[in-house]
Amino acid sequence: MDMPMKQKVFAIVLAGILLVIVFELVRRRRLKIEYSWLWIFTGLSIPFLVWRYDLLLFLTDISGAVSSTSTLFAFAFFFIILLNLHFSIVISDMQNKLKHLIQENAILRQNIVELRGTPKNDT
Amino acid sequence: MKKAILIPVFNEEKSIQEVVRALLHFKGEFDIVVVDDGSFDRTPDILREFDIKILRHCINSGYGAALQTGLRYLYENGYEYAVLFDGDGQHPPEYVKPLLMEADKTGSDIVIGSRFLSDYKEAGFFKGLALRFFSLIIYLATRVIIRDPTSGFKCLNRRAMRYYIADIMPLSFPDADALILAIRSGLKIREVAVRMRERISGRSMHYGMKALTYMFNMLFSILICILRSNKDLKMED
């Protein structure tokens, strides 16, 4: 059993568009390489599953899904969860770095005030 | 011996003048250091009227981060003791020295000004229940009894300051979770009975829905603190 040609073309075109957008965003430095790997993985996994349709059928079989389409949707949903988790990690990291910057800024500002010998803050 | 009274504040225009004024007679003996956590009311203007040290966060970052900024400053500048003091007027200045003396005399790393050393009557039903609950969790996790784990009125020595500025420190609301981690890190904690005042203005950080989210966050944070390995704690030594 194979995937209909129309579905194959549709899936590959969609994956191609996703990959082109990701590469273009990285090229324009709107997206950092370290944050792009999950998107690239998603974009590559679609043509891979089209090429190895038997693998998709196998996954459908072992997961107990009714059709290969629902397996694809389940995987897409899982990827979105992974991406969200990834973003949460990135945001937490950013927040931590921002906190360090704010603290450093506050301490340096007070040190400057003390070095200048002015008794009051000039904020 | 360098000592400081550290006051983290955020939008305390109604109370901060009175609080700082009440502490000014400690000047000479204690430096007064205020960390303004990005206030957007008149707090910065009021603070500039006083000859005190002011550290200002350019962006509001939360109570824990403000506390950490102040302690980092004190630690890096060689202070031996820091007395943590609230900007809402609840903490009585007359207990600053007793806290310090207790820390100095007993060699404790953290001395907590405790409202409920004898009983929880003053706390009210729900707060009393929550305090008992957190006190019990601390006891189960560490075998140490702390009657008032949410008190922000504390005296810290350099060792404790070093712990509070470490990355391992739970910053969201450094209460019971921070105390559990401190005890596990080998810090000695004592409590001294104090009689708090009514806050001059505003209300507690933990009210309404915030109290519920606080309970959830605190329980999760405590679980993480308990699960931390001894290796994690040793790395901070």
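When residues of segment B:45-59 are filtered for being more than 7 Å from every other protein chain (Cβ to nearest Cβ) and touching a strand residue (DSSP E or B) at 6+ places or on another chain (Cβ under 6 Å), how many remain? Break it down into steps so the answer makes sense when it comes.
Of all residues in segment B:45-59, those more than 7 Å from every other protein chain (Cβ to nearest Cβ) come to B:45-47, B:49-50, B:52.
Next cut, touching a strand residue (DSSP E or B) at 6+ places or on another chain (Cβ under 6 Å) only: B:47, B:52.
Looking only at that region, the number is 2.
Which residues, taken from segment B:61-75, are facing another protein chain (nearest Cβ under 7 Å) and either at pLDDT 95 or above or part of a helix (DSSP H, G or I) (or both)? Working first, answer last.
As a first pass, look at segment B:61-75 and keep what is facing another protein chain (nearest Cβ under 7 Å): B:61, B:65, B:68-69, B:72-73.
Of everything in segment B:61-75, those that are facing another protein chain (nearest Cβ under 7 Å) and either at pLDDT 95 or above or part of a helix (DSSP H, G or I) (or both) turn out to be B:A65, B:Q68, B:T69, B:R72, B:Y73.
Within segment B:87-103, identify whether any single residue is within 14 Å of chain A (Cβ to nearest Cβ) and either of a type in the set (S, T, Y) or out of contact with any Ser or Thr (no Cβ under 9 Å at 6 or more places or on another chain) (or both), and answer yes or no. Reasoning before the result, please.
First, pick out the residues of segment B:87-103 that are within 14 Å of chain A (Cβ to nearest Cβ): none.
No, segment B:87-103 contains no residue that is within 14 Å of chain A (Cβ to nearest Cβ) and either of a type in the set (S, T, Y) or out of contact with any Ser or Thr (no Cβ under 9 Å at 6 or more places or on another chain) (or both).
Any residue at all in segment B:14-29 that's within 27 Å of B:L179 (Cα to Cα) and either without any contact (Cβ under 8 Å) to a residue 24 or more places away in the chain or under 15 Å from the mean Cα position of the chain (by Cα) (or both)? Checking segment B:14-29: not a single residue is within 27 Å of B:L179 (Cα to Cα) and either without any contact (Cβ under 8 Å) to a residue 24 or more places away in the chain or under 15 Å from the mean Cα position of the chain (by Cα) (or both). Scanning segment B:8-26 for residues that are part of a helix (DSSP H, G or I) and touching a helix residue (DSSP H, G or I) at 6+ places or on another chain (Cβ under 6 Å) yields B:I16, B:Q17, B:A22, B:L23.
Out of the residues in segment B:72-91 that are within 15 Å of B:V111 (Cβ to Cβ) and touching a Phe, Trp or Tyr at 6+ places or on another chain (Cβ under 9 Å), which is surrounded by the fewest Cβ atoms within 10 Å (Cβ to Cβ)? Full working, then the answer.
Applying the first criterion (within 15 Å of B:V111 (Cβ to Cβ)) to segment B:72-91 yields B:80-85, B:91.
Cutting the leftovers down to touching a Phe, Trp or Tyr at 6+ places or on another chain (Cβ under 9 Å) gives us B:81-85, B:91.
Working: B:Y81: 22, B:A82: 29, B:V83: 26, B:L84: 25, B:F85: 31, B:H91: 28.
Top of the filtered list is B:Y81.
Only one entry in B:I112, B:I145 is of a type in the set (V, I, T), farther than 28 Å from B:D37 by Cβ and not in a helix (DSSP H, G or I), namely B:I145.
Checking each residue in segment B:81-109 for being assigned to a helix (DSSP H, G or I) and under 18 Å from B:S15 (Cβ atoms) picks out B:P93, B:E94, B:Y95, B:V96.
Looking only at residues in segment B:17-44 that are away from chain A (no Cβ under 12 Å) and in contact with a strand residue (DSSP E or B) (Cβ under 6 Å, 6 or more places away or on another chain), which one is farthest from A:I107 (Cα to Cα)? Ranking the candidates gives B:L23 first.
The values are calculated or read from the model by the stated rules, or taken from the named source; none is laboratory data. Owing to the predicted nature of the structure, the values given are computational and were not obtained by experimental measurement. For neighbour counting, all protein chains shown are included, and Cβ atoms are generated from backbone atoms with ideal geometry for every residue, glycine included.
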